[in-house]
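Report on the structure given below.
Read-outs throughout are calculated quantities, based only on the coordinates presented, and are distinct from any laboratory measurement. Source: prediction; values computed, not measured. Quick reminder, even Gly has a Cβ in these numbers, built from the backbone with ideal geometry, and neighbours come from all protein chains shown.
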Amino acid sequence: MTDLTVARTRADLAVARGDGAVSFVPTMGALHDGHVQLLKHARPLGDTLVASIFVNPTQFGPGEDLDEYPRTFDADLERSDEAGVDVVFAPTVETMYPTGTDTTVFVDPGPLGSVLEGAVRPGHFRGVLTVVAKLFGLVRPDVAVFGEKDYQQLVLIRQMTQALCLDVDVQGCPTVREADGLAMSSRNAYLSPVEREHASVLYRALRAGAASAPDGPEAVLAAAHRVVDGVPVDLDYLTLTNPDLGEPAPGQEARLLIAARVGKPRLLDNVGLTMGSG
Ligand code: PAF
């Protein structure tokens, strides 16, 4: 290891972040190549690169995988160090939620928080935005980098940053994929070998949909559905939106998003495309 600092407390973090420009990558650990890309993107954006590792209890619903969520702290420190991180902030639940996780103050994500992922996981984005707001308050970053794989999360964090007048430049980073196109995710670790094969259908469907973009929204959705149909995955949604998750418009940029349960884990993916007039 080089000179990576691990800050466990607010006081340690306040010293370690220094006084220069700070770039920040919040994570829940179990770092994979997708996270490494975020860290590499963030490295030149500040004098100090801070990564947080915190499995945030308030974004998990009852019966979700909070207890089983992969925790690989020593390997995470090594990967962080290799990617040029200066400070890993790894707080306890008590540090992040001094008044308890049933605290009465949460960030309300608004209407966009209860569609798509929010419809399947009620309260999820309330927990995500709350912890990201707290992390922004503690780390005080100039720039924060998030993956486009969790596209709705990225849109909501941008909205929150603007709505709450938080002075943070929120940047998105393209999804990093396995050789067959599967988006990298810490939850891919839950897939059995057979499920892993089925999981590649998500990106194949998105690509088929994107290839039909010149023919308009109906053609996009029909092409994507044709690829998923018959593959044993439990589709939650396959939907076309504009980049802000509203209605797509002819001739404009759009986003095609998919979520499916493949065995135990729910997997998410999305691609950007430019709509034809159909
Ligand atoms: O994307 C994640 O890993 C988490 O939702 C985040 C942004 C670190 C908040 O816990």
Report summary line: Measuring from its Cα centre, the range 148-278 shows a charge dipole (+1 at each Lys and Arg Cβ, -1 at each Asp and Glu Cβ) which, in debye to the nearest 20, is 340 debye
Report summary line: Listing Glu94, Glu148 by rising number of other beta-carbon atoms within 10 angstrom, fewest first, gives Glu94, Glu148
**Report entry** Residues of the range 121-145 with amide N under 16 Å of the 7 Å Cα→Cβ point at Glu64
**Finding:** 121-133
Query - Farthest toward positive dipole pole in the chain [+1 Lys/Arg, -1 Asp/Glu at C-beta], among Val132, Leu268, Val145 - result: Leu268
Report summary line: GNM on the chain, Cα springs under 10 Å; top mean-square fluctuation among Phe24, Phe136, Phe146 goes to Phe136
Report task. Determine which aspartates and glutamates satisfy two conditions relative to Lys264: a Cα distance under 17 Å, and not lying fewer than 8 residues away in the same chain. Result -> Glu64, Asp65, Asp67, Glu68, Glu117, Glu195, Glu197, Asp234, Asp236
Query raised in the report: Considering the Cα trace of the range 107-263, what is its radius of gyration and what is Dmax, both in angstroms?
Result: 16.6, 48
Query raised in the report: In the chain, with Lys and Arg counted as +1 and Asp and Glu as -1 at Cβ, which of these residues, Ala90, Ser80, Ala205, has the Cα nearest the positive end of the dipole, that is, farthest along it?
Result: Ala205
Report summary line: In whole percents, the bins of 5 Å from zero upward hold the Cα-Cα pairs of the chain as 1, 6, 12, 16, 18, 17, 13, 9, 5, 2, 1, 0
Report task. Could you please rank Thr103, Thr27, placing first whichever residue has the fewest other Cβ atoms within 10 Å of its Cβ? Result -> Thr103, Thr27
Query raised in the report: How many nm separate the modelled label positions at Arg71 and Ser114, each set 7 Å beyond the Cα in the direction of the Cβ?
Result: 3.3 nm
Requested in this report: Taking the Cβ of Leu191 as the centre, find all other residues whose Cβ is under 12 Å away and add up their charges (Lys, Arg: +1; Asp, Glu: -1).
Outcome: +2
Report task. Calculate the spin-label point distance for Asp102 paired with Arg10, positioning each point 7 Å from the Cα along the beta-carbon direction, and give it in nanometres. Result -> 2.3 nm
Query raised in the report: Computed over the Cα atoms of the range 56-124, what is the convex hull's projected area averaged over all directions, in nm²?
Result: 6.5 nm²
Report summary line: Using eta = 0.692 mPa s and T = 37 °C, Stokes-Einstein with Kirkwood Rh from Cα pairs puts D for the range 54-178, in µm² s⁻¹, at 208 µm²/s
Report summary line: Distance in nm between Asp167 and Arg196 label points, each 7 Å along Cα→Cβ, equals 4.7 nm
Query raised in the report: Under a straight-distance cross-link criterion of Cα-Cα below 17 Å, which lysines are reachable from Lys40, leaving out those fewer than 8 residues away in the same chain?
Result: Lys149
Report summary line: Measuring from its Cα centre, the chain shows a charge dipole (+1 at each Lys and Arg Cβ, -1 at each Asp and Glu Cβ) which, in debye to the nearest 20, is 200 debye
Report task. Answer rounded, prolate or oblate for the range 91-159, using the Cα gyration tensor with square roots of eigenvalues a ≥ b ≥ c: rounded when a/c is under 1.5, else prolate when a/b is larger than b/c, else oblate. Result -> oblate
Report summary line: Kirkwood Rh over alpha-carbon pairs of the range 1-98 plugged into Stokes-Einstein at 37 °C, 0.692 mPa s gives a D in µm²/s of 236 µm²/s
Query raised in the report: What would the Debye formula give as log10 I(q)/I(0) at q = 0.20 Å⁻¹ for the alpha-carbon point model of the range 132-208, no solvent?
Result: -0.87
**Report entry** Interchain or long-range residues, amide H under 5 Å from Asp236's placed H
**Finding:** Ala259, Ala260, Arg261
Report task. Counting only DSSP beta bridges with both residues in the chain, tell me the antiparallel percent, nearest 5. Result -> 45 percent
